[in-house]
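Notes to accompany the following structure.
The values are calculated or read from the model by the stated rules, or taken from the named source; none is laboratory data. Since this is a predicted model, take the numbers as computed values, not measurements. So basically every Cβ, Gly included, is an ideal-geometry build from the backbone, and we count neighbours across all protein chains shown.
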Amino acid sequence: MVQLNNTFEQLKVSEGGPAVQQKPSRPVKATLRTRQPLDSEESDLQPDSNAADSSTSSSAQLLALLSRLFAPLRRSPNFSATLQHVKGLLYDQQYLAAFGTESEEGERWREVYAARWVPSRAVIYQRIFDECDIAQHLGWQTPSGETNGGGGGERPRSEEEELEQERERAKLRRRLRQEGKSADEISQAVAELEQQFRAARSSKADSKGEGAAAVVDAIMIGAGAGSEVVALGAVLGVAAAGRASSGDADPTLAAAEYRPPPRVRVHAVDQGSWDVLLDKMAQGLRDAWPTLDSEHVEEDGGDQQQPRFDVRFVKGNILDNKMITTAAGSSSPVIDFGSSSLRLITICFTITELLLQSRLETLRLLSTISRSAPSGTLFLIVESASLAQIPIGQEGRTYPLGRLLDHALCGGGDKGGGGGGGVWEILKSEDAKWYRMPNDADEVYNAMGKGTKVKLENSRVVLRLYRKR
């Protein structure tokens with residue numbers, strides 16, 4: 001599309017700068033040298049005291065799961081030395097050694113890296129997924145927070161829709177008060193109006209293919225270490241637990257109307273060798289929330305066991321055109337952004353690295369996603385706010401990441417905004433939002449016996465949630 005093809009030309013972005021060496025999992029030295037010592041990543045600003053969050057049970061459950069998974073590593077007398085070795089590899093740009101070594105030692109390096117940095121990231125992503133109603137979008141939760149209806153089938157509301165519906169509620173209340181209706185009658189009428197809103201959203205979602213399905217897909221780019229994978233599993237696990245505690249289904253709901261939540265297939269894409277660790281995380285999630293475990297499904301004429309939360313690792317460089325185009329003799333690409341079952345795409349703490357690795361190839365990736373993704377797909381991009389100024393041209397100028405993404409994905413024409421013309425609409429936008437750890441996060445994660453104590457960090461992020469029109 002025109003705005004995607006011209007975005008960087010309009011922003012005077014040049015590909016003629018110094019060459020950037022590609023690498024397996026974290027492509028850019030400048031990024032990693034800033035990001036690798038995460039203990040001080042956000043030292044430039046202090047969190048707003050109003051943003052402090054108390055510990056939630058869902059965060060505690062997630063941290064307890066990760067604590068059980070990584071406690072043997074932290075108790076190892078070699079943990080600190082191994083962690084320092086991994087930091088050294090990253091600092092020296094030996095990314096293939098740090099994340100791609102196919103040996104028992106290499107696996108230990110990846111696990112130590114994850115034990116140190118996954119917990120805080122996972123808590124942040126879990127909170128973001130909750131704020132963005134991802135469980136609802138994937139058919140695991142209804143908008144009211146109740147899960148008794150199963151597959152959901154309603155689409156998230158944009159800010160414009162919320163404002164319009166609030167105006168309708170206000171008009172109804174005002175009219176009924178003028179007619180002398182009682183408070184109970186007004187409340188009942190507003191509740192009926194809300195049901196109409198929900199029915200309309202469900203109808204619109206179904207017409208766009210966003211309703212309940214047997215299987216839905218989520219593509220998570222740069223998710224090898226598993227932070228966003230375990231965060232999503234925890235969000236769905238909590239939704240499933242809520243459904244069970246509420247009796248699983250409304251007893252007044254007709255059997256024909258009940259739709260169980262769909263199976264979720266997560267495609268975690270990365271260049272490192274993360275498959276073994278991701279398998280351990282996925283099994284840990286299913287152990288913690290049994291509803292995520294296997295179910296009987298009919299496939300190829302037989303009854304088979306399939307995980308309701310299925311994590312599939314895809315090894316490769318997402319900027320490699322072979323990953324996202326259909327090869328000869330194949331019915332679909334390695335990563336299929338055009339699948340009718342696709343509901344969610346995430347790029348968490350990776351988009352800046354992709355842009356610095358190759359702005360042109362990253363632009364092509366965004367263009368492919370925009371062209372291929374089915375209507376209703378959510379596209380979530382999260383990045384550290386300290387890394388959200390993108391170099392432009394050869395003059396040393398920088399450009400805000402959020403504005404660049406809005407321009408590329410949502411259009412904006414001469415105004416340079418994200419207000420129209422593109423195939424995506426903005427559902428949520430944050431340019432410098434703090435996410436703080438619960439007060440007892442360190443204690444929960446470090447609770448499993450003696451060992452190296454890991455400090456969990458707060459993060460200030462840039463966030464965009466888009467929906468395909």
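Can you say whether Val454 is of a type outside the set (Phe, Trp, Tyr), at pLDDT 90 or above and closer than 30 Å to Ser340 by Cβ, as far as the supplied structure shows? Considered against the rule, which asks whether it is of a type outside the set (Phe, Trp, Tyr), at pLDDT 90 or above and closer than 30 Å to Ser340 by Cβ, Val454 comes out as no. Of the residues making up segment 320-358, those that are farther than 27 Å from Cys132 by Cβ and of a type outside the set (Val, Ile, Thr) are Asp320, Asn321, Lys322, Ala327, Ala328, Gly329, Ser330, Ser331, Ser332, Ser358. In the set (1) surrounded by 20 or more Cβ atoms within 10 Å (Cβ to Cβ); (2) not in a helix (DSSP H, G or I), Pro77 fails one condition alone, (1). Of the strands (runs of 3 or more DSSP E) lying entirely inside segment 286-362, the ones with 1 or more residues being within 30 Å of Leu405 (Cα to Cα) and modelled with pLDDT of 90 or more are found at 309-315, 342-348. Residues in segment 423-447 that are out of contact with any Ser or Thr (no Cβ under 8 Å at 6 or more places or on another chain) and of a type in the set (Asp, Glu): Glu430, Asp431, Asp442, Glu443. Given the conditions (1) surrounded by fewer than 19 Cβ atoms within 10 Å (Cβ to Cβ); (2) part of a helix (DSSP H, G or I), and given that Val444 satisfies all but one, which numbered condition is not satisfied? Val444 satisfies every listed condition except (1).
Which residue is modelled with the highest pLDDT, if the candidates are limited to segment 237-246 and must be surrounded by fewer than 24 Cβ atoms within 10 Å (Cβ to Cβ) and part of a helix (DSSP H, G or I)? Filtering first and then ranking leaves Val238.
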